[in-house]
1. Using θ = phi - 60° and the Karplus form 6.51 cos²θ - 1.76 cosθ + 1.60, what ³J(HN,Hα) does each residue of segment 39-54 get, whole Hz, x for Gly and Pro?
2. Once R0 is set to 22 Å, what does the formula 1/(1 + (r/R0)^6) return for the Cβ-Cβ distance between A174 and H104, expressed as a FRET efficiency to the nearest 0.05?
3. Ordered by residue, what ³J(HN,Hα) values in Hz, to whole numbers, does segment 168-180 give under the Karplus form 6.51 cos²θ - 1.76 cosθ + 1.60, where θ = phi - 60° and Gly and Pro are x?
4. How much net charge surrounds V165 when only other residues with a Cβ under 14 Å from its Cβ are counted (Lys, Arg +1; Asp, Glu -1)?
5. Grab the Cα-Cα distance for M164 and V22, subtract it from 0.36 nm times how many residues apart they are, and report the gain in nm with one decimal.
6. Let me know the shape class of segment 17-66, please: from the alpha-carbon gyration tensor, a ≥ b ≥ c as square roots of the eigenvalues, rounded when a/c is under 1.5, otherwise prolate if a/b is greater than b/c, or oblate.
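What follows draws every value from the coordinates through simple rules; no lab data is involved. Model, not experiment: these values are computed from the prediction. We place every Cβ from the backbone using ideal geometry, glycine too, and count neighbours over all the protein chains shown.
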Amino acid sequence: MLASLGPALRAWYDRAPAVEVVAYPPTTVATVTVSAPSMRAAASKGFRSVAGFIFGGNEPRPSGAGVSVAPANPETDPAVLSGDRMRMGGPGQKIAMTSPVVMHPPAAPSPSGSYTVQFVMPSGLGGPGGLPVPSNPNVTVAAVPALTVARLAWRGGPRPDDGMVAARLAELEAALAADGRWARADDDVAAP
């Protein structure tokens, strides 16, 4: 449905606000969910955990039936306890950093909400089965179906916080509503 719009998907980038609608193909993500009092704290904690996975905090994927790889013990492994595999790296496979990095805030504001941080994995690794197993048991690897999203350009400045993101989300939704071609359907933006 949205793919048929072709160039119209990217036509807004130079407008104010700079809105872009992008169709992403199916992909694989490494994900961690963290509890934190703010988006900044969650971004830092979540980024370190998932970055630890791509910087070598992982184990080879078992190649045969009946073979298992024990992940790091979260009760004794200092890197898992601190949530910081990035600083320590690891002996496992290094995976290229890609974009976008995705962050989902909690459904409702709370003093210590659950934020989800995701890194999109390189496409040439063969999906979840082609990636190593995360050493940190809080990091998961999963396939994500094709997705079309609307995004608002973020041109640097201070690191975003919950209030800034809420304001930019309202700006994005207002721009999409004003255009008249887009309607929000559940958590996705779809063409009417």
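1. 5, 4, 5, 5, 4, 5, 5, x, 4, 4, 5, 6, 4, x, 4, 6
2. Efficiency, from the Cβ-Cβ distance: 0.55.
3. Karplus values, whole Hz, x for Gly and Pro: 5, 5, 4, 5, 5, 5, 5, 5, 5, 5, 5, 5, x.
4. Values: positive: R40, R151, R159, R168; negative: D161, D162, E171, E173.
Its environment carries a net charge of 0.
5. Numbers: separation 142, 0.36 × 142 = 51.12 nm, distance 2.21 nm.
Here the answer is 48.9 nm.
6. Oblate, because a/c is 1.5 or more while a/b does not exceed b/c.
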